[in-house]
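K.L.:
Please see the structure below; I have some questions.
The values are calculated or read from the model by the stated rules, or taken from the named source; none is laboratory data. The structure displayed is predicted, hence computed values, not measured ones. Cβ: placed from backbone, ideal geometry, glycine included. Neighbour counts: every protein chain shown. To get the accessible areas, we keep the full protein, side chains included, count just its heavy atoms, and leave off ligands, DNA and RNA. Shrake-Rupley method; radii C 1.70, N 1.55, O 1.52, S 1.80 Å.
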Amino acid sequence: MSGTLIIVLFAATLALTLWQFFKRGTGPVLFIKELRSFFLSPVAWVVLALVMLLNGFSFTSALTDLRAGDRTVTLAVYTFWSFPFWLAYFFIFPVITMRLFAEEQKLGTIETLLTAPVSTLQVLLSKYLAALTFYLVLWLPSMLNFLLFRINAPDSTAAIGSLQGSYTIIFLLGAFNIAIGCLASALTKNQLVAAMICFTFCLLHFLVGFVLQFVPVPEAFRGFADYISTHLHVRTFVDGLIDTRQIVYYISFAILLLTTTFHVLEFRKWKV
Amino acid sequence: MIQVSNLTKRYVGRTAVDQISFEVGQGEVVGFLGPNGAGKTTTIRILTGYLPASSGTASIAGFDVFRDSMEARRRIGYMPENVPLYEDMRVKEYLRFRAQLKGLRGRDVRKNVGEAMDLCGLTEMRSKMIGSLSKGYRQRVGLADALLHKPELLILDEPTNGLDPNQIRRVRELIKQLGLTHTILVSTHILSEVEMTCDRVIILDRGKVRACDTPANLVGRMRTARTISLELQAEAPLAIDKIKTLPGVKKVVKESIDENGWTRLTVRAESGRDVRESIALIAADNAWPLRELHAHKATLEDVFVEITQSEHSS
């Protein structure tokens, strides 16, 4: 009963937010501008190239390994549970989000932007969604690897469930970590500071369970840390187990972080 | 068009704007003057909805800037100080984006962007990257942006800041031209500009409105003593003594003497008294050749200095 109520409330809030975003078509105008500025900046192409390169490494090593003999793991595991993936994971988020608000605050364009008939919500959502879209585009080339594999080895172990799980967790991690990046970027004028805040928290969240193995903490806390630790979630999803607890966890935290960012942006409007 | 009453903005430990009230009528061009830190930009930011007021109200065309912020903003063309722009966009691209943000769609975007670029002389720069433009052109892009949606009210914060004299003249001409069809609130340091373009002046100092009148009235109301320059051929100490005895003269200062004995003096007289005639008579009585006698007119600059400095010293 209360579950239904929560879902209804969530859907209503989401609908209201989207209506606010699309009002007078301003949200999409901002979104397109943000997305364009991603693809017009050299940073985006460098990131895209590096992610493709790292995926290539994963793929090659997977093929070498799989050829060596019987393996129980799938290609998805090789791709998303590997050192190249982690490397990409750690630099993607700071690099694509550090610019979002910090640059506007540095240049002062935040003033021209927010004195136009545009709401803070529209600005926030357009930047967030543009970054998320760019992030998803980054992973499109990796699908080619799987496609190639499928074509060449029709009866292979490229299990479809494993792929679905992989891309679901990729999306969830994006939604969550880009929200961290938005908040970090809104907090400062300095892009480097924003990048460092974002990097630290993404890393911490990814490895929290792993790091705590070397630190004396109570057992209960260790369990909790393992529970929220991203690298374990990735493993579950890549194995093809889509766990709704994690879906709720990442989406609700993304919303919480975005709400915080919204209030950070609105802070100047607080009355003294 | 603009109504401000008892507007106050406090930052932590400092009151930037203190209980100010003023009005700007439809079609007026109003100059917003004041020394740095007087609260001009803060007031403008409140009017444009960027900052909230601590207390008091402000409305644009009847819309409260805080409660009906969107409606108020739709009616304002705002050019902030130092004209922040996206460096990595082209002029045309940027103006199109801004036009769409301001609610224009389809054919209107193309039309208004074209008109604004024409008006601000940007047409040949349309495909340039904003980052590569000179300061003068950046300023014009900012102005074109403010004009895009044909707002009823233009708020320009130091539009001539950092421009060269030719560019300042161009911007001034443009403001004059726009003043025929728009209500304009322009904040500036350049007083000659205000004298030439504005119907009315609001002088702000340390968060308070110190004066609000037409430039001519302000100059007319000047309380400072009149200053007279004269040049005559006489022995300086004697001339100074004689002129000092005249009724209404407050002070006589020797400026210079050249090799032919021409002495330059500056005389400060009480306000409302013209001592030029009596000086001329004294010169005639003593047979001093007199080749210059000039009363300086008070300028808006004098008014500005008097208002903003007498308060500081008192």
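K.L.:
Sort out which residues of segment B:60-93 are touching a helix residue (DSSP H, G or I) at 6+ places or on another chain (Cβ under 6 Å), more than 9 Å from every other protein chain (Cβ to nearest Cβ) and closer than 16 Å to B:HIS149 by Cβ, and write them in order of number.
P.N.:
B:ILE60, B:PHE63, B:GLY77 - these are the residues of segment B:60-93 that are touching a helix residue (DSSP H, G or I) at 6+ places or on another chain (Cβ under 6 Å), more than 9 Å from every other protein chain (Cβ to nearest Cβ) and closer than 16 Å to B:HIS149 by Cβ.
K.L.:
Before we move on, is B:ASP145 part of a helix (DSSP H, G or I), of a type outside the set (A, V, I, L, M, F, W, C) and without any contact (Cβ under 8 Å) to a residue 12 or more places away in the chain?
P.N.:
The answer is no for B:ASP145.
K.L.:
I would also like to ask the following. Checking the structure you have, find out if any residue of segment B:21-29 is assigned by TED's automatic domain parsing to the domain that holds B:GLY142 and more than 16 Å from B:ILE184 (Cβ to Cβ). Step through it out loud before you land on a result.
P.N.:
Keep residues of segment B:21-29 that are assigned by TED's automatic domain parsing to the domain that holds B:GLY142, which gives B:21-29.
So of that shortlist, the ones also more than 16 Å from B:ILE184 (Cβ to Cβ) come out as B:21.
Yes, segment B:21-29 has at least one match.
K.L.:
Can you pull out the residues in segment A:86-116 that are away from every other protein chain (no Cβ under 14 Å) and surrounded by fewer than 20 Cβ atoms within 10 Å (Cβ to Cβ)?
P.N.:
The answer is A:TRP86, A:LEU87, A:PHE90, A:PHE91, A:VAL95.
K.L.:
Hey, among the residues in segment B:94-103 that are touching a residue at least 40 places away in the same chain (Cβ under 8 Å) and within 10 Å of chain A (Cβ to nearest Cβ), which one's nearest to B:GLY136 (Cα to Cα)? Lay out the reasoning, then the answer.
P.N.:
First, pick out the residues of segment B:94-103 that are touching a residue at least 40 places away in the same chain (Cβ under 8 Å): B:94-95, B:98-99, B:102-103.
Imposing the further condition that a residue be within 10 Å of chain A (Cβ to nearest Cβ) reduces the set to B:94, B:98-99, B:102-103.
On the way: B:TYR94: 17, B:ARG98: 20, B:ALA99: 21, B:LYS102: 24, B:GLY103: 27 Å.
Across segment B:94-103, the extreme among qualifying residues is B:TYR94.
K.L.:
Looking at A:SER119, A:SER185, A:SER166, A:SER142, which is the one that is in contact (Cβ under 8 Å) with a residue 24 or more places away in the chain, surrounded by 16 or more Cβ atoms within 10 Å (Cβ to Cβ), under 30 Å from B:PRO84 (Cα atoms) and within 17 Å of the chain's Cα centre (by Cα)?
P.N.:
A:SER185
K.L.:
Can you find even one residue in segment B:183-196 that is in contact with a Ser or Thr (Cβ under 8 Å, 6 or more places away or on another chain), closer than 30 Å to B:GLY13 by Cβ, modelled with pLDDT of 85 or more and not aliphatic (A, V, I, L, M)?
P.N.:
For segment B:183-196, residues in contact with a Ser or Thr (Cβ under 8 Å, 6 or more places away or on another chain), closer than 30 Å to B:GLY13 by Cβ, modelled with pLDDT of 85 or more and not aliphatic (A, V, I, L, M): present.
K.L.:
Just wondering, is there one or more residues in segment B:106-122 that are facing chain A (nearest Cβ under 9 Å) and open to solvent by less than 50 Å² (accessible area, probe 1.4 Å)?
P.N.:
For segment B:106-122, residues facing chain A (nearest Cβ under 9 Å) and open to solvent by less than 50 Å² (accessible area, probe 1.4 Å): absent.
K.L.:
Another one. In segment A:24-37, what count of residues is obtained for those that are closer than 16 Å to A:THR109 by Cβ and either open to solvent by 10 Å² or more (accessible area, probe 1.4 Å) or within 19 Å of the chain's Cα centre (by Cα) (or both)?
P.N.:
5
K.L.:
If you don't mind, another one. Hey, could you check segment B:149-193 for residues that are at positive phi and touching a strand residue (DSSP E or B) at 6+ places or on another chain (Cβ under 9 Å) and say which is least open to solvent (accessible area, probe 1.4 Å)? Before you say what the answer is, go through the steps one by one.
P.N.:
The initial filter retains those residues of segment B:149-193 that are at positive phi, namely B:150, B:158, B:162.
With the extra rule that they be touching a strand residue (DSSP E or B) at 6+ places or on another chain (Cβ under 9 Å), the set shrinks to B:150, B:158.
Values: B:LYS150: 109, B:GLU158: 14 Å².
Ranking the qualifying residues of segment B:149-193, first place goes to B:GLU158.
K.L.:
I'd like to verify a number: residues in segment B:123-142 that are farther than 19 Å from B:PRO165 by Cα and either touching a residue at least 24 places away in the same chain (Cβ under 8 Å) or crowded, with 23+ Cβ neighbours inside 10 Å (or both), how many?
P.N.:
Qualifying residue count, segment B:123-142: 7.
K.L.:
Please determine whether any residue of segment B:39-59 is more than 17 Å from the chain's Cα centre (by Cα), more than 14 Å from chain A (Cβ to nearest Cβ), farther than 21 Å from B:GLU81 by Cα and surrounded by fewer than 20 Cβ atoms within 10 Å (Cβ to Cβ).
P.N.:
The answer is yes, given that some residue of segment B:39-59 is more than 17 Å from the chain's Cα centre (by Cα), more than 14 Å from chain A (Cβ to nearest Cβ), farther than 21 Å from B:GLU81 by Cα and surrounded by fewer than 20 Cβ atoms within 10 Å (Cβ to Cβ).
K.L.:
Further, regarding this structure: Among the candidates A:VAL217, A:VAL272, single out the residue that is within 14 Å of chain B (Cβ to nearest Cβ) and either modelled with pLDDT under 85 or surrounded by 20 or more Cβ atoms within 10 Å (Cβ to Cβ) (or both).
P.N.:
Step by step, each of A:VAL217, A:VAL272 is checked, and only A:VAL272 is within 14 Å of chain B (Cβ to nearest Cβ) and either modelled with pLDDT under 85 or surrounded by 20 or more Cβ atoms within 10 Å (Cβ to Cβ) (or both).
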